[in-house]
Amino acid sequence: MKNNIKVQRAIHDMTQADLADKIGVSRQTINAMEKNKYVPSTVLSLKIAKLFKKPLEEIFFLEDDD
Amino acid sequence: MKTNYLLPHKYKKLGWLLFLIGLIGGIVVSASNFESTGPSIKVLAIYSESFLNSKSHFFQIIENEIFDEIVSLFIIIGGLVVGFTKEKIEDEFIHKLRHESLVWAFIVNYIVLLFTIIFIYDMAFFDVLVYNMFTPLIFFIIRFNFLKLKSGDDEE
């Protein structure tokens, strides 16, 4: 799964730490998701989508091998 | 994220203190070839067997040099506390790192043990068994902290 959290973060002018703080996770988690090293749980994905006021599908995308 | 087996974050420092004191003590004990293990006190032995005549005893008060026991307790209790206290921010990704580190430590420990079973013999293998009491915890703690550090760097 891929995501455009980094883009969304830039649009909202947030650092990794800001975003981590807002959704109550560690900065490592944001970093790992942005590098596609970690697939977040449904709960965490929904929290991120809610924060950016976007549908889930506009932030997270399936890849061919998923 | 809810968990039922992690201690509060505040115990982490205490855990590190016990763990590191234990490790230093362990190096001292093993550098002395497991001989500097005093002072000696009376302890309750549920089961004991003498090295010399291999007579076994149940539920007997015996004299024992307790430095090595204390060192073992420090390493194990300290190590468990370090490994199983919450991080400052405990979330699902940290959980995943902890679980992966545990599996990694378990497998690596047994691979190392297999290697020593094949290539290390006689009394030297006794040393292996002693170290092997602690290596799963030590491997786990090193791996977990390494992964945490690695995933924290290179922010963009």
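The values are calculated or read from the model by the stated rules, or taken from the named source; none is laboratory data. This structure is a prediction, so every number in the text was calculated from the model and none was measured. Note that each Cβ is placed from the backbone with ideal geometry, even for glycine, and that neighbours are counted across all protein chains shown.
Of the residues A:Ala17, A:Ala10, which is farther than 21 Å from B:Leu149 by Cβ and either within 13 Å of chain B (Cβ to nearest Cβ) or not basic (Lys, Arg) (or both)? Matching residue, one of A:Ala17, A:Ala10: A:Ala10. In this structure, B:Val29 does not satisfy being at pLDDT 90 or above, hydrophobic (A, V, I, L, M, F, W, C) and over 28 Å from B:Phe146 (Cα atoms).
When the residues of segment A:1-14 are filtered to those that are among the charged types (D, E, K, R) and part of a helix (DSSP H, G or I), which remaining residue is nearest to B:Lys96 (Cα to Cα)?
Applying the filter and picking the extreme gives A:Lys6.
Criterion applied to B:Leu14, B:Leu44 was being away from chain A (no Cβ under 14 Å) and either surrounded by 14 or more Cβ atoms within 10 Å (Cβ to Cβ) or of a type in the set (S, T, N, Q) (or both), and the one residue passing it is B:Leu14. In this structure, is B:Lys88 more than 20 Å from the chain's Cα centre (by Cα), within 14 Å of chain A (Cβ to nearest Cβ) and not in a helix (DSSP H, G or I)? Yes. Residues that are out of contact with any helix residue (DSSP H, G or I) (no Cβ under 6 Å at 6 or more places or on another chain) and hydroxyl-bearing (Ser, Thr, Tyr) were ranked within segment B:106-138; the one that is farthest from the other protein chains (Cβ to nearest Cβ) is B:Tyr121. Please specify each residue of segment A:51-66 satisfying the condition of being within 14 Å of A:Ile11 (Cα to Cα) and not charged (D, E, K, R). Correct list: A:Leu51, A:Phe52, A:Ile59. Which of the residues spanning segment B:144-156 are at the interface with another protein chain (Cβ under 8 Å from one of its Cβ atoms) and at pLDDT 85 or above? Answer for segment B:144-156, where residues must be at the interface with another protein chain (Cβ under 8 Å from one of its Cβ atoms) and at pLDDT 85 or above: B:Lys148, B:Ser151.
Taking every residue in segment A:32-58 that is within 14 Å of chain B (Cβ to nearest Cβ) and β-branched (Val, Ile, Thr) and pairing it with any residue that is assigned to a helix (DSSP H, G or I) and surrounded by 13 or more Cβ atoms within 10 Å (Cβ to Cβ), at least 6 positions away or on another chain, the pairs with Cβ-Cβ distances below 7 Å are A:Ile48/A:Ile5; A:Ile48/A:Ile23. Restricting segment A:15-66 to residues that are in a helix (DSSP H, G or I) and among the β-branched types (Val, Ile, Thr) leaves a set whose member that is surrounded by the most Cβ atoms within 10 Å (Cβ to Cβ) is A:Ile30.
One residue alone among B:Ile76, B:Ile141, B:Ile70, B:Ile94 is among the β-branched types (Val, Ile, Thr), in a helix (DSSP H, G or I), within 14 Å of chain A (Cβ to nearest Cβ) and touching a residue at least 24 places away in the same chain (Cβ under 8 Å), and that residue is B:Ile94.
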